[in-house]
Amino acid sequence: MKVYDVSVPMHGDMVVWPGDPEFRRDLDSAIMNGNRSNVSILSCSTHCGTHVDAPFHFLQDGATLDRIDLDQLIGFCRVVEVICDGDLTRDHLEKALKDGDIREDDERLLFKTRNSMRNLMQSPEFHTDYCAIDPSAAEWLVLRKVKTVGVDYLSVECFHPEIPRTHPILLGNHVFVIEGLNLMQVPAGKYILSCGAWNILGADGSPARVFLITDI
């Protein structure tokens with residue numbers, strides 16, 4: 001058995017979505033200052049680093065994080081490597097299915113794209129030319145009843161679309177979204193997904209610690 005930690009470390013210089021607050025960790029209590037213990041205060045967006053999106057993120061009446069089914073966070077998944085110049089489209093996914101990179105019974109799909117090849121999640125600078133999920137691919141995933149989708153940059157949506165479509169398509173059809181995965185060292189294939197999203201009442205999302213475990 002091998003375990004991959006596919007979440008990025010959280011620190012003050014990490015990349016964040018433009019306009020979001022930077023991650024901060026301040027010591028409220030410090031042993032070096034004479035206190036009995038070290039206690040930190042954290043400050044960040046709910047969509048900082050490796051994180052999850054609840055439907056409420058884009059849908060006013062959507063489910064909040066505390067109402068997500070646990071089987072969307074834990075279970076068999078497949079890492080699918082798709083390298084393309086633009087965003088992932090329906091055609092890319094159809095080809096992956098035909099080639100056997102996606103299987104008919106896959107319920108959780110994590111996409112390893114050129115974002116991983118470029119190591120974007122480790123770069124402190126935000127890149128607008130990341131690989132996202134095209135609305136046609138989002139509709140394909142919904143039709144195939146995929147319940148969880150993961151990507152290797154900060155959003156499944158392209159940067160600042162005129163009208164967001166990918167998020168509403170996925171979240172509006174109860175597809176759970178994991179963003180900001182670090183898949184650089186992870187070979188394509190089948191794994192057990194364990195996504196430790198924070199249980200925050202009423203939340204639109206949260207940072208997450210995500211593990212991929214090779215099948216026993």
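I'd like the residue in the stretch 68-88 that is over 18 Å from the mean Cα position of the chain (by Cα) and not hydrophobic (A, V, I, L, M, F, W, C) and, out of all such residues, is farthest from I200 (Cα to Cα).
Taking the candidates together, the pick is D85.
Any chance the stretch 172-190 includes a residue that's of a type in the set (D, E) and in contact (Cβ under 8 Å) with a residue 60 or more places away in the chain?
Scanning the stretch 172-190 turns up at least one residue that is of a type in the set (D, E) and in contact (Cβ under 8 Å) with a residue 60 or more places away in the chain.
Residues of the stretch 68-106 being surrounded by 18 or more Cβ atoms within 10 Å (Cβ to Cβ) and free of Cβ contacts under 8 Å to residues at least 24 places away in the same chain, which ones?
Across the stretch 68-106, the qualifying residue is only A96.
If you check N35, N115, which single one turns out to be part of a loop (DSSP other than H, G, I, E, B), farther than 17 Å from I200 by Cα and either out of contact with any helix residue (DSSP H, G or I) (no Cβ under 7 Å at 6 or more places or on another chain) or modelled with pLDDT of 95 or more (or both)?
Selected residue: N35, the only one of N35, N115 that is part of a loop (DSSP other than H, G, I, E, B), farther than 17 Å from I200 by Cα and either out of contact with any helix residue (DSSP H, G or I) (no Cβ under 7 Å at 6 or more places or on another chain) or modelled with pLDDT of 95 or more (or both).
Taking C77 and the conditions (1) in contact with a strand residue (DSSP E or B) (Cβ under 6 Å, 6 or more places away or on another chain); (2) over 17 Å from L170 (Cβ atoms); (3) of a type outside the set (K, R); (4) not in a loop (DSSP other than H, G, I, E, B), which numbered condition does it fall short on, given that it satisfies the others?
Condition not satisfied by C77: (2).
So, in the stretch 1-21, exactly how many residues are within 18 Å of the chain's Cα centre (by Cα), more than 22 Å from L73 (Cβ to Cβ) and charged (D, E, K, R)?
Qualifying residue count for the region: 1.
Go through the residues of the stretch 45-66 one by one and say whether even a single one is in contact (Cβ under 8 Å) with a residue 60 or more places away in the chain, in a loop (DSSP other than H, G, I, E, B), over 25 Å from L120 (Cβ atoms) and not aliphatic (A, V, I, L, M).
yes
The values are calculated or read from the model by the stated rules, or taken from the named source; none is laboratory data. Here the structure is a predicted model, which means the values were calculated and not measured. Cβ sites come from the backbone with ideal geometry, for glycine too, and all protein chains shown count toward neighbours.
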